[in-house]
Amino acid sequence: MQFLKILFWFLLAFVAALFTSTNWNNVQINLWSGLIADVNLPLLLLVTFLLGFLPTYLYLGTVRWRLRQRVAAAERMLADARALPPVPTAALPIAAAGEPIAADEAAAVEGRLL
């Protein structure tokens, strides 16, 4: 799998180098107040790509970070819940047959709801 990743990136770099070498033309960009900027076409395409890619990348990075924080908090709560000592059976009321009564039945016996 690592070989395919490397092959993909080399292929992408080759295509970018080929595009850059064949399209090394100056492009005029009209700015404000009559200013004109001469920019190479590959540089212009790189800047526009980064203007579209970086905000999305940063947004998705923050979403992933927030989700990791939520998962870590949920795992901590689960670990804390598992660490609580179990309810001793001696604290539950005993039925006539000598078996412990479930919590909802114990509440009904005491006349209150959970």
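A short reminder: the numbers here are calculations on the coordinates, not readings from a lab. What you are looking at is a predicted structure, and each value in this text was computed from that prediction instead of being measured. Don't worry about glycine lacking a Cβ; one is built from the backbone with ideal geometry, like all the others, and counts go over all protein chains shown.
Annotations
- Peptide ranges 60-66, 39-45 listed from the most packed, as the mean C-beta count within 10 angstrom indicates: 39-45, 60-66
- Computed lengthening from Met77 to Phe49, 0.36 nm per intervening residue step minus Cα-Cα distance: 5.9 nm
- Two-site FRET efficiency, Arg66 against Met1, from Cβ-Cβ distance with R₀ of 35 Å, rounded to 0.05: 0.75
- If you wrap segment 25-83 in the convex hull of its Cα atoms and look at it from every side, the mean projected area works out to 5.7 nm².
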